[in-house]
1. Quick check, is S59 assigned to a strand (DSSP E or B) and in contact with a Lys or Arg (Cβ under 8 Å, 6 or more places away or on another chain)?
2. Which members of the range 159-184 meet the condition of being more than 20 Å from K226 (Cβ to Cβ) and either in the same structural domain as R117 (by the TED database) or in a strand (DSSP E or B) (or both)?
3. Mind telling me which of the residues V68, V19 ends up being under 26 Å from A256 (Cα atoms), within 15 Å of the chain's Cα centre (by Cα), aliphatic (A, V, I, L, M) and at pLDDT below 60?
4. Would you say A163 is touching a residue at least 60 places away in the same chain (Cβ under 8 Å), on the phi < 0 side of the Ramachandran plot and either of a type in the set (K, R) or surrounded by fewer than 20 Cβ atoms within 10 Å (Cβ to Cβ) (or both)?
5. Take the residues of the range 185-227 that are open to solvent by less than 20 Å² (accessible area, probe 1.4 Å) and part of a loop (DSSP other than H, G, I, E, B): which is nearest to K147 (Cα to Cα)?
6. Take residues that are in contact (Cβ under 8 Å) with a residue 60 or more places away in the chain and tell me which of the strands (runs of 3 or more DSSP E) falling wholly in the range 82-135 contain 1 or more.
7. Would you confirm whether or not the range 136-145 contains a residue that is open to solvent by 10 Å² or more (accessible area, probe 1.4 Å), β-branched (V, I, T), touching a strand residue (DSSP E or B) at 6+ places or on another chain (Cβ under 8 Å) and under 16 Å from V253 (Cβ atoms)?
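The values are calculated or read from the model by the stated rules, or taken from the named source; none is laboratory data. Everything numeric here is computed off the predicted structure, so don't read it as measured data. All Cβ positions, even for glycine, are placed from backbone atoms using ideal geometry, and neighbour counts span all protein chains on display. The protein model used for the area step is the full one, side chains on, heavy atoms only, and it has no ligands, DNA or RNA in it. Shrake-Rupley method; radii C 1.70, N 1.55, O 1.52, S 1.80 Å.
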Amino acid sequence: MPGPPVAVPVVLAVAAVLVSGCGGGGGTAGNGSVSPAAGGALPQATTYTTLKDLPADPSPSAALDGTVVHPAETAPVSAQPGAPAVAELPAAQLKGDTWVPVVESRPGWKRVLLPSRPNGVTGWIPDSGLKTARSGQAIKVDVGDRKLTLLNAGRPAGTWPVAVGAPKTPTPVGRTFLLASLAPAKPTFSPLILPVGAHSATLDTFGGGPGTVAFHGWPSTSVFGKAVTHGCVRVPADALKRLAKVPLGTPVVITA
């Protein structure tokens, strides 16, 4: 089996657009909407879309075994194995390879977590043409205790106090995954932004982006241990350096 994917930072201006509202900017309240795909094409499973007619994560608080897959080319996404495709999972997004965690397997098919709204949406993709790897790491965020723990082979490899969503803009709980690694060309509040496959439940947008939740740094240490963000998780500098080395697709479990 190939080694786990490498999370390589990407210089991308969209990093600030995705999560700038986490830094204190305003957002738009609501549950979000998505324009229909042009020409009747299937919707793309990206952080910018809402997917309908697909099943929710059956065990949103359970640990995953670390199996992650990357489609070599755009993969059809179905609600059940062998059913007609209702969406497509692109091979790349946010200027990096798409890696998603597997939550269930059947002969010829993998059920994976998707990076779209609603949070916890899953879909079945054919296992032909998939690159498979296993991440021995996992990230846990305890919103109540406001702590982040990095696990390696099931054992804590580091724990840090973090800032989480304020009561009116909470950090969403459930299983998700590390979606991308972005290094803004002109960083304002963090040298690195690590979006996950989850979105704010109370804001449609963060500074014009799709309300994607992310891990990122913060210039003031006074925020750590507090519930003050628009849903993102602000982490200390040393935690951000450790998270920067975590492979894409690695499971993230956020608990209340």
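1. no
2. Within the range 159-184, G174, R175, T176, F177, L178, L182, A183 qualify.
3. Result of the check over V68, V19: V19.
4. no
5. In this case the residue turns out to be G217.
6. Fully inside the range 82-135 and qualifying: 100-106, 109-113, 122-126, 130-134.
7. Looking through the range 136-145, at least one residue is open to solvent by 10 Å² or more (accessible area, probe 1.4 Å), β-branched (V, I, T), touching a strand residue (DSSP E or B) at 6+ places or on another chain (Cβ under 8 Å) and under 16 Å from V253 (Cβ atoms).
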